[in-house]
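Please treat every number below as a calculation from the coordinates, not as lab data. Quantities reported herein were computed from a predicted structural model and do not represent experimental measurements. Positions of Cβ are backbone-derived with ideal geometry, glycine not excepted, and every protein chain shown enters the neighbour counts.
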Amino acid sequence: MDNRHLYLTLIGKRLAYLKTEVELFNSLNLTDINVYAENFYRDFFNLLGYEFDNTNFIENNFAHIDLLDTKNKLAIQVTSQNDNKKIKEAIDGFFKDSSRKDYKLKILLIAKNAKDYRTKFGNNFNHKEDVLDIKKILAEINNITDLVKLKSIADFLNEQILQERKKTESNEVETIMALIEYLSKDDNRSISEKPENVDPQFKIYKRFSEHSVFLINLYTELCTVYQQPLIEAKRVIDGVKAIKISSYLKDESDKILTVESNNPQVALEKLVELFYGKLSENGIKFDKIAIKFYLLDELINCNVFPNN
């Protein structure tokens, strides 16, 4: 892997992790991370050649805007919401002041992807170019040919995201959330079609009769610590994600169970190690027991070690 590809891969992983973390914290109504994101993206964009200031530290605050580059006449609102109403309010509010007519306004989505908006936003706002998300930022970075600049961006992201997270192991909610995000991404799996024929009682007590006491006792033991984090992390799962996760887990767990001669205890440990390794590719430590509890819960829900 050449240095350019290495830097681009690292940058993509770090920005994707931050997006996931912002989404998680917002789902738990912990919005302090949005303030952190404003300063983070101020410094990040300045590495790309801009000269942004956070308007919270400007004496005459700019309404409906978070980052301002007076030299390049560029303004950015940093938001975790991608709905039409939020964007329209930002545009109309910012351009109420006629002195801002020469500015170009961008909306930066830090926890969502841009959509194909139908609203006519006005003020020369082109949603295809002016609503930024992680994919669009990475596309811009991909055009950078200066390896020194790419390395500086990668080093900045390591310092701001990776090193801070390494100081303490990710908590239970973050771990489960990261696993959910991994399992729901199409790029991380290949689709295979299998008929569904599952019955929790048959599976636990009959198919795995020799291991049922172990599985139930392990789940019960971990439940007091991990049940609430699991509930909180699952708040961000929609119907599409749920289908993708179910399909992924059924396929992957069934392969491992077959290799391990239908022994769910051994197969569960192998499955935990598999997903722990996948999450750790980002260089961030996660709670391995939280992964095990999540998989146990999905086993009870018939998504891990399904009946054939």
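Observations, loosely collected:
- Per-residue Cβ neighbour rank within 10 angstrom, fewest leading, Val78, Val240: Val240, Val78
- Contour minus Cα-Cα distance for Ala139 and Asn113 (0.36 nm per residue): 8.0 nm
- Inter-part distance, the range 249-288 to the range 1-19, computed on C-alpha centroids, equals 25 Å.
- The range 40-154 - share of DSSP beta bridges that are antiparallel (%, nearest 5): 40
- Label-point separation in nm, Thr220 to Lys288, each point 7 Å along Cα→Cβ: 2.6
- Computed over the range 3-166, the ratio Rg/Rh where both radii use C-alpha atoms and Rh is Kirkwood: 0.96
- Convex hull of alpha carbon positions in the range 74-158: directionally averaged projected area 6.5 nm².
- Phi angles of the range 116-129 translate, via the Karplus equation with coefficients 6.51, -1.76, 1.60 and θ = phi - 60°, into HN-Hα couplings of 8, 6, 9, 5, 8, 6, x, 6, 6, 9, 9, 4, 5, 10 Hz per residue; Gly and Pro are given as x.
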